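These notes are about the structure you will find just below.
Computed from the coordinates by the stated procedures, all read-outs in this text should not be read as laboratory data. None of these values were measured; they are calculated from a predicted model. Cβ atoms come from the backbone with ideal geometry, glycine included; neighbour counts cover every protein chain shown.
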Amino acid sequence: KAGVTQTPRYLIKTRGQQVTLSCSPISGHRSVSWYQQTPGQGLQFLFEYFSETQRNKGNFPGRFSGRQFSNSRSEMNVSTLELGDSALYLCASSSGLAGGRDEQFFGPGTRLTVL
Amino acid sequence: AQTVTQSQPEMSVQEAETVTLSCTYDTSESDYYLFWYKQPPSRQMILVIRQEAYKQQNATENRFSVNFQKAAKSFSLKISDSQLGDAAMYFCAYRSYSGGGADGLTFGKGTHLIIQP
């Protein structure tokens, strides 16, 4: 079974631009969660999507948004990029069943650099 | 809000020896899981071991075991017979469950584990 894939792996943008990151979960998984990892703040939960609906949300400004498609692939979008948005963005997939008690499998991440 | 604290930014151990990584957490929830994740230089997060709060027996996965002290809100990871491949960042994480659903993972700041050959 193929693992979680994230595209692109590396991205360079300038302040004020917007960016879209993509995550393809493991086949059969319906839940996708997104996390931001920075040296200063560590790993922080952004949001979770399950069956095309946002099921949970972390404490991030509205510039961070996401969506999920019928094939469970998910995208996250960051508008009006700031220098502080430079980070490794990780997505994790799981079946989403069992009340979220199933294991989450992480992708390799997308490294976003904002100049 | 739940918090996870890892007080050891870096640990070093000789190959084949045993090392224990510390983690404490703060929560008022009763239904939760605790996890240890490993993040090698490749940055891919890998689940090492997990513990359900309701289970008193400490989880074990081969050379990895935990010491779960629920009253003290402590969740340490013991790695026995350390191997060079164990070198990585280790993150303690927490996830609570309520209303039939789960919150996102809350992570500690991580412990950088160095294995000396």
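Just a few scattered comments:
- Residue-by-residue Karplus 3J(HN,Hα) for the range A:84-101, coefficients 6.51, -1.76, 1.60, Hz, glycine and proline x: x, 7, 4, 5, 9, 9, 10, 10, 9, 10, 8, 5, x, 8, 6, x, x, 8
- In the distance distribution for the range A:38-115, Cα-Cα pairs more than 15 Å apart total 61 percent.
- Of A:94, A:79, A:22, the one that fluctuates the most in a GNM where chain A has Cα springs shorter than 10 Å: A:79
- A convex hull fitted to the Cα coordinates of the protein assembly as shown yields 127 cubic angstrom per residue.
- Dipole axis of the range B:50-103 (+1 Lys, Arg; -1 Asp, Glu on Cβ), positive-most option in B:74, B:93, B:62: B:74
- Out-of-range pairs (alpha-carbon distance over 23 Å; input A:13/B:38; B:78/B:109; A:13/A:57; A:57/B:78; B:73/B:109): A:13/B:38; A:13/A:57; A:57/B:78
- With the convex hull of the Cα atoms taken as the outline of chain B, the averaged projected area works out to 7.2 nm².
- Residue-wise HN-Hα coupling along the range A:43-60, computed from phi with Karplus coefficients 6.51, -1.76, 1.60 (Hz; x: Gly, Pro): 8, 10, 6, 9, 6, 10, 10, 9, 6, 6, 10, 6, 9, 7, 9, x, 9, 10
- Amide H partners (placed H, <5 Å) of residue B:88, local residues excluded: B:113
- Using a Förster distance of 35 Å, the FRET efficiency for residue A:1-residue A:41 (Cβ separation, nearest 0.05): 0.60
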